[in-house]
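Q: Right, I'll just put the structure down here and ask away after.
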Amino acid sequence: MRRKSGKNESFSSHPSPFAPTSTPSSFHLSSPLQTPLSVVRGVGPRISETLARIGLRTVEDALYTLPFRYEDRRRLLRIAELREGEGAVFCGEILASGESFTSRSRKRLYEVVVGDGTGQVSLKWFHFRADWMKKRFLVGRKAFFIGEVKRFGALREIHHPEVEFVQQGRSAEEQLRSDPLAFGRILPVYPLTEGFTQKTARKIWKELIDRFASGATSSVPEEIRRRRDLMALDEALRRAHWPENTASLTDLEKGRDPARRTLVYDEFFFLELGLALRRRGVVLEEGIPFQVAHRYTKPLAQMLPYRLTDAQRRVLGEIKHDLMQPHPMNRLIQGDVGSGKTVVALMAALVAIENETQVAVVAPTEILAEQHFLQFRRWLDALGLRTVLLTGSTAAREKREALEAIREGAIHLVVGTHAVLQEGVEFRRLGLGIIDEQHRFGVRQRGVLRRKGENPHILVMTATPIPRTLSLTLYGDLALSIIDEMPPGRTPVRTRVLHERQRGKAYELVAHELSAGHQAYIVYPLVEESEKSDLGAASEGAQKLEAEIFPDRRTGLLHGRMKPEEKEAVMAAFKNREIDILVSTTVIEVGIDVPNATIMVVEHAERFGLAQLHQLRGRVGRGEARSTCLLLRSDRCSEDGMRRLQVMEETTDGFRIAEADLQIRGPGEFLGTRQAGLPDFRVADLLRDGRILEEAKQDAFELAENPALLVDDTYREVRRTLMERWGNRLELASVG
Ligand code: ADP
Ligand code: MG
């Protein structure tokens with residue numbers, strides 16, 4: 001089977017770690033695991049169509065679709081032993097059978113009473129065909145029953161149990177022995193809803209495992225497998241589907257059984273190995289070694305109205321160390337909102353400029369780019385250096401002039417949106433690219449920026465803290481610096497969740513802050529995803545506030561459709577206290593810095609993600625005075641929504657908020673899905689498998705240091721698997 005060649009090409013266009021021993025032909029050979037399900041005996045066209053609908057096309061797809069839970073049928077219970085809330089398998093004789101009604105709502109139901117000499121239990125069906133049920137459930141028949149025990153008053157009952165009748169003329173024991181796939185063991189339950197029953201699914205998977213699992217061999221080096229106590233891959237697959245009878249059910253249910261651990265490790269290991277090699281590939285490239293001459297950084301340090309925090313100083317030290325190496329820097333700064341990342345980036349930029357190179361700063365939105373521009377220009381102007389802003393709304397003539405000045409090297413620092421990444425933008429000598437990421441930028445942008453110079457240094461900043469497990473996978477190829485300390489003099493923002501009906505109370509608190517000489521933000525979410533109505537809600541709100549609620553206060557409006565000059569004018573007016581209340585859409589999420597604003601009201605808070613709320617809230621609490629954030633929720637706030645808002649009340653620690661967000665929403669949504677370059681895992685679960693990820697990362701990065709990995713025959717299989725996985729599954733690999 002041929003894989004798409006484009007991806008492999010771009011991967012090997014890296015100063016290639018894979019040439020020449022791993023020739024492409026080694027993975028063009030089709031592996032039995034790649035057999036389409038449609039041609040497998042015992043599957044057939046109808047079932048393979050059903051499987052294709054849930055994305056399973058090859059044997060491999062199916063083998064890696066693990067049971068989502070297990071059913072313990074190792075031991076038959078006696079009816080006396082049935083406990084509420086537990087899944088049970090037992091054998092019994094039908095004592096009574098017939099139609100009846102629920103006592104309260106008079107709904108039709110079919111009830112069967114079963115006994116085994118130790119007790120009785122009632123089985124109920126709410127969807128049924130009465131004549132068919134009557135024929136099946138004859139008094140005196142024996143059967144096995146499987147289901148979850150519920151309690152109804154003093155009685156135990158089971159709804160819609162699975163039933164296996166004991167064949168006539170057979171004892172229960174004989175039946176058990178004759179059907180080893182159904183009884184006496186732990187059974188897999190597959191994540192399938194339509195098309196066929198669990199019984200059929202088990203048969204299909206059993207067949208696939210018996211015939212094909214042996215084709216799955218792990219190329220995780222033997223030494224590592226032994227050290228980490230991993231199974232052989234085929235054995236792991238077999239046991240993940242059909243656990244041994246000695247397996248711990250708790251481990252299975254929590255995903256901690258050794259079989260699954262092996263599969264997860266395998267998946268993480270090759271991801272991390274790829275990331276490690278990418279990083280190494282970049283590290284080994286030639287870069288521009290800088291000298292730190294302090295020509296601009298020292299004067300800046302003297303001009304700043306504050307001293308850098310220890311954390312800022314430490315991170316700056318790490319950056320400077322990287323910049324002085326003959327290889328390009330590739331570093332990520334993580335720091336909570338307000339931790340002071342900008343000034344660290346500014347210092348790094350000045351080092352680049354001291355070395356007669358240019359700097360590009362890329363931000364995800366226009367407003368953030370403008371905000372950065374204002375901050376950078378302020379200090380660069382003071383040092384006699386030139387800064388320019390480049391966004392989608394830069395006028396054509398201005399843009400032409402800017403592009404020329406950049407090409408000639410007359411501009412020292414360019415700030416902008418992805419406009420900076422476009423083709424016409426050419427630098428005389430780009431020494432440092434800074435990406436203020438907000439995790440909206442993927443790896444791709446880094447690649448584009450890198451190609452705008454001769455291996456410039458790259459610095460990525462993320463304002464939203466990313467849980468460690470995620471940053472390992474997302475940024476595994478970046479060195480990490482963390483600013484884990486806030487500038488002094490901040491008091492945590494007090495946060496309260498109010499129901500919309502309490503809006504009056506919120507406004508009272510706003511009035512209170514205003515009369516103390518402070519300012520306020522009132523934020524509206526995007527409504528129905530259309531900017532028009534977003535603008536509508538905010539401008540309506542602004543009008544109402546101005547006309548009815550705060551008639552003697554000055555109100556300003558800020559929204560995404562305003563021209564940059566208009567936005568800047570409104571922000572400047574707010575900063576200069578010409579406006580008391582700034583009504584806005586989420587455009588204030590990032591960048592705005594007005595220490596006198598001490599209260600924020602967020603309308604429809606449940607519509608925001610936690611990370612976004614955290615960003616928003618970061619706009620207050622920037623001065624000496626104690627600040628307040630009021631989150632208004634509507635009736636439509638879901639339970640998850642309530643949990644999220646509670647997290648906001650409980651903590652202002654961005655890392656804890658990010659962890660909670662990840663727990664509640666899951667990694668895909670947390671990151672706005674694949675755009676962020678998050679790979680699809682087949683078995684691994686980032687929420688659950690953080691520990692295994694750490695181990696796999698450590699091992700993979702260690703192995704990547706070993707030169708033999710790229711050439712030695714011992715590692716041929718490792719290289720082959722790596723090519724296979726990276727060529728096929730990981731989008732990351734397609735970026736140079
Ligand atoms: P973020 O990390 O969210 O980008 P900023 O760089 O915008 O944070 O900094 C937030 C605020 O803190 C700015 O007003 C900045 O001037 C101020 N600041 C940064 N570093 C310090 C420091 N060491 N001491 C005091 N204030 C600082
Ligand atoms: Mg910032």
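The values are calculated or read from the model by the stated rules, or taken from the named source; none is laboratory data. Please read all numbers here as calculations on a predicted model, not as lab measurements. Cβ coordinates were reconstructed from backbone atoms using ideal geometry, including for glycine residues, and neighbour counts include every protein chain displayed. When the accessible area is computed, the model is the full protein with side chains, heavy atoms only, and any ligands, DNA or RNA have been set aside. Shrake-Rupley method; radii C 1.70, N 1.55, O 1.52, S 1.80 Å.
Q: Which condition number in (1) touching a Pro at 6+ places or on another chain (Cβ under 7 Å); (2) modelled with pLDDT of 90 or more is the one that R211 fails?
A: (1)
Q: Determine the pairs where a residue that is closer than 12 Å to A369 by Cβ, located within segment 382-393, has a partner that is in a strand (DSSP E or B) and β-branched (V, I, T) with Cβ atoms under 6 Å apart, the partner being 6 or more residues away or on another chain.
A: From residues that are closer than 12 Å to A369 by Cβ, the pairs are V388/V414; L389/V415; L390/V414.
Q: Could you check L610 against (1) open to solvent by less than 10 Å² (accessible area, probe 1.4 Å); (2) within 16 Å of ligand 2 (Cβ to nearest atom); (3) in contact with an Asp or Glu (Cβ under 9 Å, 6 or more places away or on another chain) and say which number it fails?
A: The number of the failed condition is (2).
Q: In segment 307-330, which residues are within 16 Å of ligand 2 (Cβ to nearest atom) and not β-branched (V, I, T)?
A: L308, A311, Q312, L316
Q: A further question follows. Tell me which of these A479 doesn't satisfy, since it passes every other one: (1) assigned by TED's automatic domain parsing to the domain that holds A605; (2) at pLDDT 80 or above.
A: The single condition A479 does not satisfy is (1).
Q: Among the residues that make up segment 99-113, is at least one of them part of a strand (DSSP E or B) and touching a residue at least 40 places away in the same chain (Cβ under 8 Å)?
A: Looking through segment 99-113, none of the residues is part of a strand (DSSP E or B) and touching a residue at least 40 places away in the same chain (Cβ under 8 Å).
Q: Would you check if D234 is in contact with a helix residue (DSSP H, G or I) (Cβ under 7 Å, 6 or more places away or on another chain), assigned to a helix (DSSP H, G or I) and surrounded by fewer than 19 Cβ atoms within 10 Å (Cβ to Cβ)?
A: Yes.
Q: Do you know which residues across segment 424-452 are at pLDDT 90 or above and more than 16 Å from ligand 1 (Cβ to nearest atom)?
A: G424, V425, E426, F427, R428, R429, L430, G431, L432, G433, K452 - these are the residues of segment 424-452 that are at pLDDT 90 or above and more than 16 Å from ligand 1 (Cβ to nearest atom).
Q: Would you check which residues across segment 337-375 are within 11 Å of ligand 2 (Cβ to nearest atom) and in contact with a Pro (Cβ under 8 Å, 6 or more places away or on another chain) and list them?
A: G338, S339, G340 - these are the residues of segment 337-375 that are within 11 Å of ligand 2 (Cβ to nearest atom) and in contact with a Pro (Cβ under 8 Å, 6 or more places away or on another chain).
So that you can scan it fast, the table gives a plain yes or no per residue for (1) over 30 Å from G392 (Cβ atoms); (2) modelled with pLDDT of 90 or more:
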position: K544; (1), (2): yes, no
position: H559; (1), (2): no, no
position: R577; (1), (2): yes, yes
position: P595; (1), (2): yes, no
position: L610; (1), (2): no, no
position: R656; (1), (2): yes, no
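Q: Report every pair of residues separated by at least 6 positions or lying on different chains whose Cβ atoms are under 7 Å apart, first residue within segment 678-694 and closer than 13 Å to R725 by Cβ and open to solvent by 20 Å² or more (accessible area, probe 1.4 Å), second modelled with pLDDT of 75 or more and part of a loop (DSSP other than H, G, I, E, B).
A: These pairs meet every condition: R682/Y64.
Q: Right, here's the next one. May I ask you to list the residues in segment 324-338 that are modelled with pLDDT of 90 or more and within 11 Å of ligand 1 (Cβ to nearest atom)?
A: I333 - this is the single residue of segment 324-338 that is modelled with pLDDT of 90 or more and within 11 Å of ligand 1 (Cβ to nearest atom).
Q: Moving on to the next point. What are the residues in segment 626-647 that are buried (at least 17 other Cβ atoms within 10 Å of the Cβ) and at pLDDT below 90, if any?
A: Listed by number, the residues that qualify are C637, G641, R644.
Q: Ok, one more. For E650, indicate whether it is closer than 21 Å to E267 by Cα, out of contact with any Ser or Thr (no Cβ under 7 Å at 6 or more places or on another chain) and modelled with pLDDT of 85 or more.
A: No; evaluated as a whole, the condition is false for this residue.
Residue-wise test of (1) open to solvent by 30 Å² or more (accessible area, probe 1.4 Å); (2) at pLDDT 90 or above.
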position	(1), (2)
L284	yes, no
G287	no, no
Q312	no, yes
G340	no, yes
V343	no, yes
E354	no, yes
V359	no, yes
E370	no, no
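Q: As an exercise: evaluate H457 against (1) more than 16 Å from ligand 1 (Cβ to nearest atom); (2) farther than 17 Å from D322 by Cα and give the number of the one condition it does not meet.
A: H457 satisfies all of (1) more than 16 Å from ligand 1 (Cβ to nearest atom); (2) farther than 17 Å from D322 by Cα except (2).
Q: Give segment 102-143 a look and list any residue that's small (G, A, S), touching a Phe, Trp or Tyr at 6+ places or on another chain (Cβ under 8 Å) and exposed (fewer than 13 other Cβ atoms within 10 Å of the Cβ), or say none.
A: Within segment 102-143, A130 is the sole residue that qualifies.
Q: Of the conditions (1) free of Cβ contacts under 8 Å to residues at least 12 places away in the same chain; (2) in a helix (DSSP H, G or I); (3) closer than 29 Å to A52 by Cα, L208 satisfies every one except a single condition; which number is it?
A: Of everything listed in (1) free of Cβ contacts under 8 Å to residues at least 12 places away in the same chain; (2) in a helix (DSSP H, G or I); (3) closer than 29 Å to A52 by Cα, L208 misses just condition (1).
Q: Of all residues being under 26 Å from S178 (Cα atoms) and under 38 Å from the mean Cα position of the chain (by Cα) in segment 148-166, which is most open to solvent (accessible area, probe 1.4 Å)? Just the residue, please.
A: Only one residue fits best here, namely E148.
Q: State all residues of segment 403-418 that are surrounded by fewer than 20 Cβ atoms within 10 Å (Cβ to Cβ) and either within 16 Å of ligand 1 (Cβ to nearest atom) or not charged (D, E, K, R) (or both); if no residue qualifies, say none.
A: Residues satisfying the conditions are L403, A405, G409, A410, H418.
Q: Pairs, please: C-beta under 8 Å, at least 6 apart or cross-chain, first residue farther than 14 Å from S219 by Cα and in segment 701-719, second open to solvent by 50 Å² or more (accessible area, probe 1.4 Å) and part of a helix (DSSP H, G or I)?
A: Going by the 8 Å Cβ cut-off, the qualifying pairs are A704/R279; A704/R280; E705/R280; A708/T714.
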